[in-house]
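The numbers here are math on the coordinates, done by the rules we state, and not lab data. Being a predicted model, the structure only gives us computed values, none of them experimental.
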Amino acid sequence: MDRLDGPIEPDLADALRRLNAAAVVPPADPARDAALFTAFDDAYGRAARPASGRQYWYMAALATAAAVLIAAGVTPALTGRHGPLPPGPVSHNPGLANNRGVQLQPPSDFIPVPGASALPAMESGTLVRVNLPVSLLPSYGVTPPPGRTASVTTDLIVGQDGLPRAVRIVN
C-alpha cells in the first residue's frame, strides 16, 4: 500500500506516481564528491584560524565593556527607576494648559506588562480602557484589588503591533 493511497484524490496520486517514475536521478560521482569535500575543507581551514592571544583579550575586553554598559543602561528601565517626578503639576503642553487656566495632574503610574521590555520599541501607541477579569491581573503584573469584584476597569497602552505594553487600574 502506497502512502498516496488515502485521502488524496486518485488523479493526483496517479500524476505523482508518473512523475516519480519519470524522474531521472544521476548516480553518485565519487570524484565530484571528493572535490566538493576538499573545497569545503579548504574554506573552513581559512575561516577557522585561531585568533592570536592579543586579539582574544581585545575582544574579551570589548565584550565585557559592552555588557557593563548594557547592564548600566537597562537596569533603570527594567526596574522603573528613572528618578523622582518633578514637583508640581505636569503638563505636556504648558502653553495650552496655561491659556485655559487648566493645570494637568500627573497620571497614576502605569505598570509595565511582563515581557514588554523584550518587544520592539514603540513607534506609536493607543490608550485603551477595558474591563479585565480580576483573574487576568496577575498575568499583567498587577495585584488584584481587595474585594470580590469579577472585573476591574483598566487602561492599557497598546503598541503599534497590537500587544499591551503597560497597564493601570482606573479608580
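Near Val113, the amide H atoms lying under 5 Å from its own belong to Ala166, Val167; only residues 5 or more places off or on other chains count, and H is placed 1.01 Å from N.
If the convex hull of the alpha-carbon atoms of the range 124-165 is projected onto planes in all directions, what is the mean projected area in square nanometres? Could the numbers behind the result be given before it?
On the way: hull surface 11.5 nm².
Hull-based average projected area comes out at 2.9 nm².
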